[in-house]
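All remarks here apply to the structure that follows.
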Amino acid sequence: MTENCPLSVGIIQDFLASLEALGINGFFYGITSNINLGQVHPFKKLEKRLPLEMAKVHYAVFSDERTRLYRDAYLNVFARHDEYYFEKKVVGPNLWRQPDASQAQLLNLLKDNEINSRVAWLLPSKYHPSWMNMFMLHSSLSDQDLKVAIDENREKIDRLLQVYAEFFSSKYIHLLNPIFNFNCLTTTSIKILKLAAEGTSSPDIAKSLYLTERGVNYHIDRMKVLFGAKNRVQLISRAFQIGILNAMPQPSSIL
């Protein structure tokens, strides 16, 4: 099950209070990839957003434990049968269509969690052109009332979410970045990246790991795409920036 990046109760309460106009009573936040780029996708595991793959993500920011359990149940049981889950989303608010009467169990799950409407709000990420900040906001308002509230407060809410996306991502980028969070690097790639960061040449990396030089360069070129890096120096710099090459502390030790 996805673990929570813990924040103080005060921060969560302040955030929810700021979203009062939308009737938000729960949320989760993460960094995912933009599947609407119209180009070869660097994150093959995320390209189709298969619910069971998304459920395996290591970390997200949750407003509370109930929301974390709801997300786990939704992805593992219900998402595969929810047509709107697979529809493309745009930058900004995406109102989530409510299930019909034939989806009684999902309706019960929403009712048990006091969710009357949902909106997925996407924002660009500064860390990579193909990454997106994603807030899933759960509201006590009806679909129609939530739409009206968004229309009336969209600019204000968008600015607010940008501020909190910056705070959450900066604090937990080493846990939330998709490369680590969705297991997009193989063990071999990580070993090559660490050796490259130490200044080891491709021929010497190949000898050390019993690979061909061509194989080493293939891994490096693939990682350049994943990290959005133009060269090896930038690749290593970005790997440090988002915590791939740093020790991974547990969330409880970084508060």
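The values are calculated or read from the model by the stated rules, or taken from the named source; none is laboratory data. Just so it is clear, the model here is predicted, and its values are computed rather than measured. Note: ideal-geometry Cβ built from the backbone for every residue, glycine included; neighbour counts use all protein chains shown. Remember, those area values only see protein heavy atoms, side chains included, never the ligands or the DNA or RNA. Shrake-Rupley method; radii C 1.70, N 1.55, O 1.52, S 1.80 Å.
Couple of notes before you dig in:
- Cα-Cα separations in the stretch 160-255 greater than 15 Å, expressed as whole percent: 62 percent
- With Cα atoms, 0 to 90° folded angle of helix 187-197 axis to the chain main axis: 60 degrees
- Spin-label pair E3/R222, simplified geometry with 7 Å Cα→Cβ offset, distance in nm: 2.6 nm
- For the residue pairs K207/K230; K191/K224; K56/K191; K88/K147; K126/K147; K88/K171, the alpha carbons lie more than 21 Å apart in K207/K230; K56/K191; K126/K147; K88/K171.
- For a modelled paramagnetic label at V90, 7 Å from Cα along Cα-to-Cβ, the residues of the stretch 149-176 in reach, with backbone nitrogen under 15 Å, are 151, 154-155.
- A convex hull fitted to the Cα coordinates of the chain yields 128 cubic angstrom per residue.
- The chain - percent of accessible surface contributed by carbon and sulfur, probe 1.4 Å: 53 percent
- Projected label points at E213 and K147, each 7 Å from Cα along the beta carbon direction, are separated by 6.2 nanometres.
- At R0 = 30 Å, FRET efficiency that the Cβ-Cβ distance of E20 and K126 yields, to 0.05: 0.60
- Rolling a 1.4 angstrom probe over the protein heavy atoms with all chains in place gives the chain an accessible area of 51 Å² per residue.
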